[in-house]
Amino acid sequence: MIGSVLEISESVKEQSINQLTPATVETEGYLQPKSGFLAAATKGLCWIYLACIVAVWGLVRYKIDTWWPATLVGYGPRYLLSAPLILLFPLSLWKFRRGIVPLFAAGLLIAWPIMGLQLPLRGAPPTSLEGLKIVSANMGGGCSTERLMSLIEQESPDVVVLQEYSAKRDHKIFSDRGWSIEFRGGLFCASRFPIVKVETVLLDPKASWEIRVARFEIAAPDGAFQLFNIHLETVREGLQEVIDDKLDGLPELEENSRSRMRESQAVSQWVRSFAGPKVILGDFNMPADSAIYQECWSLFDNAFSARGFGYGSTKFTRYFGIRIDHVLSDRSWETLACQVGPDLGGDHRPILAELIRR
């Protein structure tokens with residue numbers, strides 16, 4: 001009798017197990033439903049997100065200022081690309097833990113090459129000599145003359161280069177003796193060494209006020225060199241057309257990019273026409289991954305790319321920063337140090353660099 005009961009019990013148990021659907025699993029003695037669809041969807045979303053970020057990386061690397069989607073990404077808040085991680089990361093921990101791998105890879109791409117993180121991977125050359133100390137700053141946007149004076153007093157630079165300089169407002173910065181001072185339009189240079197020659201070029205003769213580049217020949221103790229103060233056309237007008245007119249503003253954005261390409265080609269060619277050591281610096285109004293920069297300026301060494309640490313943002317809006325001010329040099333120079341300076345009260349931060357002759 002007991003044996004028959006046991007046999008019936010085993011038969012019922014076996015039948016119950018066979019009736020279980022594939023969507024159930026046994027966990028810690030309990031039968032739990034398995035959300036197969038949600039796990040598969042999470043897996044797909046993680047890998048699709050990584051693929052999208054790789055595509056954006058390619059756009060940022062090769063297409064800024066040549067194709068409007070890449071231009072909008074390149075001059076916008078790139079950190080927004082990480083927003084999907086807020087949802088995907090906890091979802092991956094819950095339903096598909098191996099999804100952390102593509103999410104981590106996507107986050108690394110955003111934080112490093114896409115947003116432009118710079119790491120000084122190579123050490124500075126061993127030297128006991130002091131280099132040429134330079135400060136470059138755009139004085140627009142309400143920069144404080146007093147803050148700039150304090151920075152100069154603290155850093156003791158050999159050369160100070162300013163864009164959007166106003167003689168009426170900023171003249172007292174260099175009122176003491178010991179500076180050789182020259183400026184053309186809004187492009188200013190103050191040097192502890194004699195400035196022996198100044199030259200400008202007008203890209204548009206009809207706009208006599210629009211001086212985009214000025215050359216200052218400086219007679220330093222270890223030999224003369226050419227210093228070029230640059231303030232190139234901004235992308236702002238093109239972006240504003242898109243903000244105001246949406247898709248109807250895209251032709252203006254693309255024309256802005258073409259105009260800025262022509263301008264950089266002309267200025268770069270003029271800069272390269274001079275012999276001797278060169279330092280090119282100022283407000284380029286483009287990031288280092290812009291196609292315009294890559295074509296016209298990448299043959300020069302970028303001081304922050306070589307020795308800077310972090311993102312090096314020099315232009316700030318209400319929501320984000322971008323590195324569009326640069327200190328460049330030819331092969332006659334080696335960069336010892338470069339950093340972004342303190343807030344001067346405007347929408348740009350100064351760049352501090354130290355260069356030494358090779």
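The values are calculated or read from the model by the stated rules, or taken from the named source; none is laboratory data. Here the structure is a predicted model, which is why all the values come from computation and not from measurement. Heads up, the Cβs are rebuilt from the backbone with ideal geometry, glycines too, and the neighbour counts pull from every protein chain shown. Accessible surface is based on the protein model in full, side chains and every heavy atom, while ligands, DNA and RNA are left aside. Shrake-Rupley method; radii C 1.70, N 1.55, O 1.52, S 1.80 Å.
Below is a table of values for the structure above.
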quantity	calculated
Estimated distance in nm for a label pair at residue 198 and residue 320, the labels positioned 7 Å out from Cα along Cα-to-Cβ	3.8
Label-point separation, residue 246 to residue 37 (7 Å along Cα→Cβ), nm	3.4
Accessible-area order (highest first, 1.4 angstrom probe) of the listed residues 129, 336, 151	129, 336, 151
Most to least accessible of 315, 197, 246 (protein chains only, probe 1.4 Å)	246, 197, 315
Calculated FRET value between residue 259 and residue 101, using beta carbons and R₀ = 41 Å, to 0.05	0.40
Contour excess over end-to-end distance, with Cα ends at residue 153 and residue 356 and 0.36 nm allotted per residue	70.9 nm
Average accessible surface area per residue within the stretch 153-200, 1.4 Å rolling probe, Å²	54
The stretch 254-358: chymotrypsin sites (Phe, Trp or Tyr not before Pro) in DSSP loop, at most 10 other beta carbons within 10 Å	319
Cβ-based net charge around residue 330, under 13 Å, with every Lys or Arg adding one and every Asp or Glu removing one	+3
Residue pairs, from the table 197/315; 246/315; 168/315; 63/315; 168/197; 43/246, whose Cα atoms sit over 26 Å apart	197/315; 43/246
